[in-house]
Amino acid sequence: MEKAHDVLIRNLSEHTDLAGEDIAEIRALTFTQRDLEPNEDFIRQGDEPEHSVLVVSGMVARYHLLGSGRRQYLAFHLTGDLPDAQGLFIDQMDHGLSALGPATVAFIPHRELFIAFRRRPTFALAVWRETLLDAAIFREAITNNSARSMQARMAHLFCELFYRARSAQLVCGNRCRVPISLAQLGETLGMAIATVNRTLADLRRSGVMDLREGELIVLKWRELQRLGDFSPVYLHLKRQSPPRA
């Protein structure tokens with residue numbers, strides 16, 4: 001497993017040119033790692049944050065907890081992501097974070113981050129850019145769930161996860177780990193479980209993708225991209241070449 005410092009440096013370098021001094025500042029931070037079980041919560045709504053979290057390995061989900069106890073999943077975060085960077089600037093968390101499958105996260109004290117930001121403004125801008133990228137993904141998710149057909153919204157989500165996984169060097173051939181249950185897919189895309197099953201079956205029959213035992217397999221990338229009306233521009237990544245799948 002990569003060291004937490006290296007994971008963060010690689011992720012921030014996707015969108016920001018870090019100087020040697022920025023990298024040295026990141027390596028001086030204190031990272032406290034924690035291994036998570038599948039579906040284990042590690043940030044809860046109402047928490048008063050004192051640390052930011054880095055995903056070191058695996059996949060985590062951001063969600064709102066409804067009064068009924070149900071969840072609305074808002075976004076998924078892969079290795080290298082800072083899923084709660086917003087916690088640097090708010091007093092109380094308005095969402096929760098949970099592991100999807102086994103995962104490892106690292107906690108970074110806010111106090112150390114603010115000191116590092118004063119020393120290295122480029123590092124601060126890179127973390128700020130992470131929050132802006134989160135916002136772009138949120139905007140796309142709102143459009144996806146409100147304006148696209150059931151098949152298109154599911155195809156779009158799979159396109160996004162595959163494209164981001166490829167950028168994070170988590171794709172092997174045409175496969176990547178996506179340990180999302182059918183129930184969680186429904187709670188992400190605003191679908192009943194029967195609709196999830198029917199929509200996933202339609203995508204499988206079209207021959208563009210498959211989802212088996214927590215693994216996403218992309219068989220025809222351009223066709224999946226067309227079905228999902230997916231353009232990666234909103235992800236603002238440096239490398240925009242299409243996956244070879």
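The values are calculated or read from the model by the stated rules, or taken from the named source; none is laboratory data. Just so it is clear, the structure is predicted and the values come from calculations on it, not from any experiment. Counting neighbours? That spans all protein chains shown, and the Cβs are built from the backbone with ideal geometry, glycine included. These accessible areas exclude ligands, DNA and RNA; they are computed on the full protein's heavy atoms, side chains included. Shrake-Rupley method; radii C 1.70, N 1.55, O 1.52, S 1.80 Å.
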Residues GLY101, GLY96, GLY80, GLY87: which one is crowded, with 20+ Cβ neighbours inside 10 Å, at positive phi and modelled with pLDDT under 95? GLY80
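Here is a yes/no grid of residues against (1) under 19 Å from LEU203 (Cβ atoms); (2) in contact (Cβ under 8 Å) with a residue 24 or more places away in the chain; (3) touching a strand residue (DSSP E or B) at 6+ places or on another chain (Cβ under 7 Å):
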{"site": "ASP81", "(1), (2), (3)": "no, yes, yes"}
{"site": "ALA106", "(1), (2), (3)": "no, yes, yes"}
{"site": "ILE137", "(1), (2), (3)": "no, yes, yes"}
{"site": "ASN145", "(1), (2), (3)": "yes, yes, no"}
{"site": "ALA152", "(1), (2), (3)": "yes, yes, no"}
{"site": "TYR163", "(1), (2), (3)": "yes, yes, no"}
{"site": "VAL171", "(1), (2), (3)": "yes, yes, no"}
{"site": "VAL178", "(1), (2), (3)": "yes, yes, yes"}
Hey, ILE43 at pLDDT 95 or above and under 15 Å from ALA85 (Cβ atoms) or not: no
Considering only residues that are of a type in the set (Gly, Ala, Ser) and farther than 20 Å from ILE180 by Cα, look in region 210-245 and name the one that is modelled with the highest pLDDT. SER231
Go through (1) more than 18 Å from THR79 (Cα to Cα); (2) touching a helix residue (DSSP H, G or I) at 6+ places or on another chain (Cβ under 6 Å); (3) among the hydroxyl-bearing types (Ser, Thr, Tyr) and name the single condition TYR163 misses. (1)
What is the residue count in region 104-114 for residues that are assigned to a strand (DSSP E or B) and open to solvent by less than 20 Å² (accessible area, probe 1.4 Å)? 4
Residues of region 181-237 being of a type in the set (A, V, I, L, M, F, W, C), outside any helix (DSSP H, G or I) and surrounded by fewer than 19 Cβ atoms within 10 Å (Cβ to Cβ), in sequence order, are ALA192, LEU211, ILE217, LEU219, LEU237
Any chance ILE142 is open to solvent by 60 Å² or more (accessible area, probe 1.4 Å) and β-branched (Val, Ile, Thr): yes
Given the residues ARG118, ARG70, which is the only one that is out of contact with any Lys or Arg (no Cβ under 8 Å at 6 or more places or on another chain), closer than 21 Å to GLU25 by Cβ, among the charged types (D, E, K, R) and open to solvent by 50 Å² or more (accessible area, probe 1.4 Å)? ARG118
Any idea which of (1) crowded, with 17+ Cβ neighbours inside 10 Å; (2) in a loop (DSSP other than H, G, I, E, B) is the one PHE42 doesn't satisfy? (2)
So which residues in region 15-39 are surrounded by fewer than 19 Cβ atoms within 10 Å (Cβ to Cβ), acidic (Asp, Glu) and either assigned to a loop (DSSP other than H, G, I, E, B) or in contact with a Ser or Thr (Cβ under 8 Å, 6 or more places away or on another chain) (or both)? ASP17, ASP35, GLU37
It is to be established whether one or more residues within region 154-161 are surrounded by fewer than 21 Cβ atoms within 10 Å (Cβ to Cβ) and outside any helix (DSSP H, G or I). no
